[in-house]
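Let me begin by presenting the structure, written as structure tokens, before commenting on it.
Every read-out reported here was derived from the displayed coordinates using simple, explicitly stated rules and does not represent laboratory data. Bear in mind that the values here come from a model prediction, so they are computed numbers and not experimental data. Because the Cβ atoms are built from the backbone with ideal geometry, glycine has one as well, and the counts that use them run over all protein chains shown.
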Amino acid sequence: MIARAAFEWVAGQAPVPVPVPVEGGPDVAMYVIIAVFFLFLALGVWAIRRRNKARGPAPKQLQSTQQLTPSIETGKPPELVVPKVTLPPSELEAQKKAEAEAARRQAETLRNKLAELEARKTRADEGERAEIDRAQQKLRDEAEGAKREAYRAEKAAEVEEKERKKREREEAARLAAEEVQRQAAETARLAAEQQAAQAKKVEAEAGQTLAHGLAKTKREGFMARLSGLFGGAPRVVDESVLAELEEVLFTADIGVKTASRLVEHARDQSKTKSLGSAELKSVIREEVERIVTLKANHSLSGGGSPHVIMVVGVNGAGKTTTIGKLAAKAAAQGKKVLLGAGDTFRAAAAEQLDVWAERAGAELVKGKDEADPASVVFDAVKQGVERKVDLVIADTAGRLHTKANLMEELKKVKRVIEKALPGAPHEVLLVLDSTNGQNAIMQARQFHDAVGITAIALTKLDGTARGGVIIGICDDMKVPVSWVGIGEKVSDLRPFDPKEFVAALFD
Ligand SMILES: Nc1nc2c(ncn2[C@@H]2O[C@H](COP(=O)(O)OP(=O)(O)OP(=O)(O)O)[C@@H](O)[C@H]2O)c(=O)[nH]1
Ligand SMILES: [Mg+2]
């Protein structure tokens with residue numbers, strides 16, 4: 001009764017059956033109906049989930065397009081064309097399907113024969129009929145056997161087919177993953193080409209000076225506040241002036257240690273002679289110049305045959321760009337240059353280096369995507385020796401595929417370079433992004449502890465007010481800043497000149 005009421009209600013043939021005249025009152029009936037409804041709903045959800053589970057998960061690479069590098073024109077990831085994979089049935093699947101078909105046909109033939117006998121039976125006499133019955137029984141058994149055989153073969157074919165579908169899905173996922181990689185590489189190649197074209201365009205324009213690169217530091221950085229201190233009405237340097245100096249330097253990007261050293265130096269000087277603001281400026285200027293004057297090698301040679309430079313730094317610091325600029329410089333000096341694409345983390349990294357190599361007329365040694373970085377760099381140095389190049393520059397990753405420790409990986413790269421050419425690398429160049437301010441000093445320490453850096457290239461000075469970081473790095477590390485990047489074009493990587501630096505800041 002309840003079921004019937006429910007049916008009629010659901011089918012809309014009756015008004016909502018409240019109250020339903022059943023024992024237990026109308027509310028009970030309603031609850032039962034609702035319970036039955038939810039039971040069916042739950043069954044439906046369960047069945048759909050079961051079916052989806054049997055189909056297997058959608059290939060991982062297809063679940064989102066996040067892995068696709070955004071297009072440089074639209075800023076959106078490109079459309080991923082998912083390949084449709086159709087594999088031919090295996091020999092066993094084809095065989096089982098054929099067997100199932102043959103058995104089905106056999107069963108059909110037997111059934112026809114049975115029908116014929118049935119027709120004959122109506123015309124037969126008693127003796128014949130018994131005979132026909134026996135024949136029919138035999139045919140029925142055979143037909144049953146053929147049916148069973150068809151069923152078994154069909155099931156076996158289904159198992160094989162399922163396997164084939166699984167292989168098709170796996171293959172589609174693999175192809176899609178490849179496509180993701182290819183598109184990422186293509187986008188990066190286009191980006192690098194654009195970058196190179198842009199660099200070429202800017203190169204045609206006048207080269208930037210260090211003063212230009214440091215303009216922001218002078219205008220907005222700690223130098224602006226120091227200039228306020230030095231440039232106001234002449235004051236005798238006393239403890240209050242020193243306290244102001246301390247306050248400015250402590251909030252600069254030069255690091256606490258260096259700031260204290262400069263203040264102490266000024267204090268010592270003020271004790272031996274009476275200083276005015278102009279003298280205080282000279283004292284600081286001279287001390288800064290002393291700190292940043294460290295012996296640097298700008299020749300890109302002198303280590304051996306070939307001269308090998310290993311370039312390290314966190315991702316995005318400007319390693320690859322700096323390598324490209326250095327390669328162009330060396331090539332312009334008539335050197336034969338080979339670049340090693342030791343950053344195998346990004347599919348695009350080697351392509352980016354390729355563009356720079358092509359521009360500079362340098363050779364490039366690269367490995368397969370995700371190859372062991374150390375093996376690629378080993379090859380590069382070996383080939384550099386064999387091809388008698390003058391300079392090998394090895395790019396390295398700023399991060400890794402695995403969670404492996406970057407510093408351990410870099411130590412390994414350094415060891416294999418030494419194995420490929422004893423005495424190499426002749427320079428370990430750390431590329432630092434100056435916009436990181438004091439973090440750059442911390443990074444420098446970590447890299448130094450791991451691989452013993454011999455020189456620093458400080459990039460992106462043009463876009464930051466944190467140029468003071470050079471002073472902190474030189475003071476802290478006693479490692480020379482050899483190169484400074486003050487823009488995108490090749491000539492914007494300049495050998496660092498301490499005199500030019502202090503002049504740009506203080507004059
Ligand atoms: N303005 C300016 N941009 C720079 C300078 N040096 C590098 N860049 C830019 O910084 C960005 C990152 O440079 P990359 O050379 O790709 O950095 P990377 O260290 O190789 O990065 P990963 O390969 O990801 O580890 C690029 O867009 C460069 O054009 C510089 O001196 N000035
Ligand atoms: Mg790079």
field: Estimated D of segment 375-450 in µm² per second, where Rh is the Kirkwood radius over Cα pairs and Stokes-Einstein applies at 20 °C, 1.002 mPa s
entry: 156
- request: State, in angstrom, two size descriptors of segment 91-184 derived from its alpha carbons: Rg to one decimal place and Dmax to the nearest whole number.
  value: 23.7, 85
statement: Taking only the alpha-carbon atoms of the chain, the convex hull volume per residue, in cubic angstrom, is 320
task: Measure up Lys271/Lys295; Lys368/Lys414; Lys368/Lys411; Lys257/Lys499 against 29 Å on the Cα-Cα distance and list the ones that go over.
output: Lys271/Lys295
message: Can you give me the distance in nm between label points at Glu220 and Glu370, each placed 7 Å from the Cα along the Cα-to-Cβ direction?
response: 4.2
task: Please work out the FRET efficiency for the pair Asp133 and Arg111, using the Cβ-Cβ distance as r and a Förster radius of 22 Å; give the result to the nearest 0.05.
output: 0.85
message: With N set to the number of residues, divide the alpha-carbon radius of gyration of segment 120-268 by 2.2 N^0.38 Å and report two decimals.
response: 3.15
- request: Quick one: compute the contact order of segment 359-468, relative version, from alpha carbon pairs under 8 angstrom and 6+ residues apart, as a percent.
  value: 23
query: In nm, what is the difference between 0.36 nm times the number of residues separating Arg51 and Thr293 and their Cα-Cα distance?
result: 79.9 nm
message: How many angstrom lie between the Cα centre of segment 85-112 and the Cα centre of segment 351-411?
response: 57
field: Helical mean residue ellipticity (222 nm; -39500 (n - 2.57) per DSSP H run of 4+; nearest 500) of the chain
entry: -20000 deg cm²/dmol
statement: Relative contact order of the chain (C-alpha contacts under 8 Å, at least 6 apart) in percent is 16
task: Under 28 Å Cα to Cα from Lys138, which lysines show up? Leave out anything in the same chain fewer than 8 places away.
output: Lys96, Lys97, Lys113, Lys121, Lys147, Lys155
query: Which helices, taking whole DSSP H runs in the chain, have alpha carbons extending 27 angstrom or more along the helix axis plus mean Kyte-Doolittle at least 0.0?
result: 26-55
task: Give the percent of DSSP beta bridges with both residues in the chain that are antiparallel, rounded to the nearest 5.
output: 15
- request: Quickly work out the Glu154-to-Ala211 label distance, labels modelled 7 Å from Cα along the C-beta direction, and quote it in nm with one decimal.
  value: 9.1
- request: Extending each Cα 7 Å along its Cβ direction at Lys84 and Asp497, get the distance between those two points in nm, one decimal.
  value: 6.7
query: So what's the net charge close to Arg129: Lys and Arg +1, Asp and Glu -1, counting the other residues with Cβ under 14 Å from its Cβ?
result: -2
